[in-house]
Structures are given as structure tokens and as C-alpha cells.
Amino acid sequence: MPHTVIEKPLARSSAPYDVAAVREDFPVLRREVHGKPLIYLDNAATSQTPRQVIEVFSDYYSRYNANIHRGLHTLADEATAAFEGTRHRVKAFLNAEDARQVIFTRGTTEAINLVVQSWGRSQLAAGDEVLISMLEHHSNIVPWQLLAAERGFTIKVIPVDEQGALDMVAYRELLGERTRLVAVNHVSNAFGTINPVKEMAALAHQHGALMLVDGAQAAPHQLVDVQAIDADFYAFSGHKVYGPTGVGVLYGKQALLEAMPPWQGGGEMIKAVSFDSGTTFADIPHKFEAGTPAIAEVIALGRALEWVESIGVESIGAWEHRLLEHATQAVSQVEGLRILGTAPHKAGVLSFIVDGAHSQDIGLLIDQLGVAIRTGHHCAQPLLHHFGVDATCRASFAAYNTLEEVDAFVAALNRVIGMVR
Ligand code: PLP
């Protein structure tokens, strides 16, 4: 078989973190950019891909490329088993109750759109309220705005304090009998703030509201337990968790998913189609997976999660925290540099601006020195505007970054600032 179904995560190692061994798995880290060794610090946008995941594509297309679920031949069986194997792995990764609660999407954005278009469209009307937060990525803002414009419900925004942490007093005040759903990210991509989603879900449930957690930035860095959080929906993307682009996951509570209408129609999502008596729909998860999915990508996502589990997501998170502390300390010495997002609980994201230097210029010039960081609004314009800026520079860390890379990044930053000031 090309891929085995593994329900339980692999045993986690208690050995010290071996970043050199981790780096060995990433071919891209051996390349140079503008004649300099690549220092890749744009991991919050997309993480790099280990060879074990890359190999899935050549293996799949060389040996068992076939459409899933509908074939009776060997290749179709193998592809189906590998595809469904990922569903079981995601179930274990998120600690979902049942693999049928795992729906494959194109990414976090599509997962949120699924909830908006299926649950939201069938449930929300004028007078209802959806709470989102100031920290949201556009993908957890715009889909709600689009539907609100049609259906007339109200979107309310949980504010942040000056450190970029959610204002929990304001959150409690915003919750009320009209609140139908709270949708927040687990970790902010712009500032790295880790949000207290478990506490927030408990409060939402006390008011009879559902809780959607955008886990795009959490799944790669910390253990996610959807049952412990008591999330009604949880979304994440493959390409931020060492997997490929074009694939992501929506987890949902079973009763909710079963009650929700399909949002896209087509093959794979039906029980029977008739011109006379209409169409009946497949059970979950297939009801929400119309058409041929990204088969190789889903299989590769399973391999990526297996890779993460072989290192241990908690070990990865602890290592990234060390990198973050080291980087925070080092950039604090840079004259005129201000960090945005200084909440007490943060993941490995460092957002900053520098007096007298435009973020865009810093990003372009530091690339010439081999360092990849992100500059711009990070798809979080309301948050940045709230802090009075249009753009920041953002360095974000992953399993393979080193303390030496952080030092080289800060040295490069100092050089660049010297050039533009
Ligand atoms: N939510 C957060 C917090 C993100 O950081 C991102 C991507 O940067 C997304 C959602 C959207 O993810 P995708 O583009 O993979 O759908």
C-alpha cells in the first residue's frame, strides 16, 4: 500500500531539539538567494516542505494516480485508501471524535467560506450578530461581510489592547442573546498573539453561540485539541504546516455538519440524482466535498502531519519560542525599531516597524542579503490601521530556523537600515 492509515500520532521524542537534523529534510534550505545562503523567515505565509512530502507527489503520479471513491480497480483503491488515510491522521492530529468530521477544502479560506455559505446562509438573518475580532485575517472578515450584506445580520468586532491581546472584558460585554457565532483566530498571523480560544468558546456557549476557530497559524506550532477547546468549527491550511498548497481542513461537530446544507453541488456529494424526484445528498464528510479533490495534496498533507508528529509539534513550538525570544531581544537593540504585538502569549511571529525606513524598502533590500521576510498588511488591514500603520515587516519562525539565522537576520536588518536612513 502506498500509505498506511495511522490513527495515533507517533510517539514523541524526549531528546533535545536537533535543528540540524530537521534542516536535513528541507532541500530548499540548501539554496542561495542573490549569492547568499537563504534565511527563510516568511513561515507564517507559507512554510517550506520536507522531502518526505515532496516525494509523495512523485510516488503518487508514478504509481497510483487515479480518481478516488468511484473506481473498482487497484489504483483507485490505493489512491482512495491513501486519501482516506489522511482523514484519519487529521482526526488524530486535531483529536476529533470521528474522521467523518474532517472535511478537505482548498485551505483555511475555503473552510471558513464553507461555514459562512452553508451554516451562515441557512441560519443567519437580520437581528443576529456574529462576533469576530480586530486580529482577524481578511479570510475571517470578508466572507462574513459578503453574507451580512445579503442577509442583514450584524458583525461586531472584539477590540484589542495596546499589546495586541484581545480585550476579554469587551468580549464578555459584546456577547449577548443575539450572538449566534464567534469567529476568531487561534493565533494572529500579523502579531503572533495566542488567543484564549477555550475560554472564549465556553463563554460563547453560555450564550448559545457557536465558536469557529481559524487555526491557520496554530496548527503548525502547538498541540490542537478540538474537543478540549470545544470548538464547533476549526480550520487550518496544509501549506503552513509543512504540507502542500491547495489543501486545508474544516473540522466541525458532527451534529452541526449533519444538519448543514451542502454549499457546492456536483459529483461525489450525492446519494442519488434524478430529474423527477430531485437529488439526495451523501453523508458527511462527502456532502461537503463536491468534485474531484486535490488527491495528491491531501495524501501529502497526511505525510506532512506525520512529519510534524515525528518531531513533536510541542517541541517545534518550544523551539520557535526560543527563536522568538532571541529575536525579540536582539531587535530591541535596533535604534528606532518598534515591535507591534507584544502580548504575553505569543507564537513565533515578530512584526515591527522602523523609524525613517519604509517596510517595503527593508523587505526588498534584506532579500538582496538572502533573508526572506514579509512586508505589507499581512491581510489584516483593520488591525494595522488600528495601530496607525499601513505595513509592518514580519519575521516568522519555523521548525528549521536556527539561532544563528536570527543573528544573521538582525545583522542584515542593521545593514539595511543603515542604507535607507
Ligand atoms: N487565517 C490566518 C490566521 C492566516 O494566517 C491565513 C493565511 O495567512 C489564512 C487564514 C488564510 O489561509 P489560506 O490562504 O491558506 O486559505
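Just to verify a result, which residue in the stretch 350-374, among those that are closer than 21 Å to Glu32 by Cα and free of Cβ contacts under 8 Å to residues at least 40 places away in the same chain, is nearest to the ligand (Cβ to nearest atom)?
Checked the stretch 350-374; the qualifying residue nearest to the ligand (Cβ to nearest atom) is Gly363.
Of the numbered conditions (1) acidic (Asp, Glu); (2) within 19 Å of the chain's Cα centre (by Cα); (3) surrounded by 19 or more Cβ atoms within 10 Å (Cβ to Cβ), Glu289 satisfies every one except a single condition; which is it?
Evaluating Glu289 over (1) acidic (Asp, Glu); (2) within 19 Å of the chain's Cα centre (by Cα); (3) surrounded by 19 or more Cβ atoms within 10 Å (Cβ to Cβ) leaves (2) as the failure.
Residue under question is Ser277, and the condition is that it be within 18 Å of Ser396 (Cβ to Cβ) and surrounded by fewer than 18 Cβ atoms within 10 Å (Cβ to Cβ); does it hold?
Spelling it out, it is not the case that Ser277 is within 18 Å of Ser396 (Cβ to Cβ) and surrounded by fewer than 18 Cβ atoms within 10 Å (Cβ to Cβ).
Within the stretch 75-104, count every residue that is at positive phi and open to solvent by less than 20 Å² (accessible area, probe 1.4 Å).
0
Here is a list: Asn95, Asn67. Which entry is away from the ligand (no atom under 16 Å from the Cβ) and under 21 Å from the mean Cα position of the chain (by Cα)?
Within the list Asn95, Asn67, the selection yields Asn95.
Quick test of your reading of the structure: Lys287 fulfils all but one of (1) touching a residue at least 24 places away in the same chain (Cβ under 8 Å); (2) over 15 Å from Val102 (Cβ atoms); (3) of a type in the set (Lys, Arg). Name the failing condition by number.
(2)
Can you tell me which of Thr154, Thr108 is modelled with pLDDT of 95 or more, hydroxyl-bearing (Ser, Thr, Tyr) and open to solvent by less than 40 Å² (accessible area, probe 1.4 Å)?
Thr108
Of all residues in the stretch 377-421, how many are open to solvent by less than 10 Å² (accessible area, probe 1.4 Å) and not in a helix (DSSP H, G or I)?
Result for the stretch 377-421: 11.
Would you confirm whether any residue within the stretch 104-121 is among the hydrophobic types (A, V, I, L, M, F, W, C), away from the ligand (no atom under 16 Å from the Cβ), assigned to a helix (DSSP H, G or I) and more than 25 Å from Met168 (Cα to Cα)?
So far as the stretch 104-121 goes, yes, one or more of its residues are among the hydrophobic types (A, V, I, L, M, F, W, C), away from the ligand (no atom under 16 Å from the Cβ), assigned to a helix (DSSP H, G or I) and more than 25 Å from Met168 (Cα to Cα).
Pick out the one residue from Ser351, Ser359 that is farther than 17 Å from Arg23 by Cα and more than 19 Å from the chain's Cα centre (by Cα).
Ser359
Determine whether Leu146 is touching a Pro at 6+ places or on another chain (Cβ under 8 Å), aliphatic (A, V, I, L, M), modelled with pLDDT of 95 or more and within 16 Å of the ligand (Cβ to nearest atom).
no
Can you list the strands (runs of 3 or more DSSP E) lying wholly within the stretch 182-279 that have 3 or more residues being within 13 Å of the ligand (Cβ to nearest atom) and closer than 25 Å to His386 by Cβ?
Of the strands (runs of 3 or more DSSP E) lying wholly inside the stretch 182-279, those with at least 3 residues that are within 13 Å of the ligand (Cβ to nearest atom) and closer than 25 Å to His386 by Cβ span 210-214.
So Arg338 ticks every box in (1) open to solvent by 10 Å² or more (accessible area, probe 1.4 Å); (2) charged (D, E, K, R); (3) touching a strand residue (DSSP E or B) at 6+ places or on another chain (Cβ under 6 Å); (4) in contact (Cβ under 8 Å) with a residue 60 or more places away in the chain but one. Which box is left unticked?
So Arg338 meets the others, but not (4).
The values are calculated or read from the model by the stated rules, or taken from the named source; none is laboratory data. Note that the structure is a prediction, hence the values are computed from the model and not measured. Virtual Cβ from ideal backbone geometry, glycine too; neighbours counted across all protein chains shown. Surface areas here come from the heavy atoms of the whole protein model, side chains and all, with no ligands, DNA or RNA. Shrake-Rupley method; radii C 1.70, N 1.55, O 1.52, S 1.80 Å.
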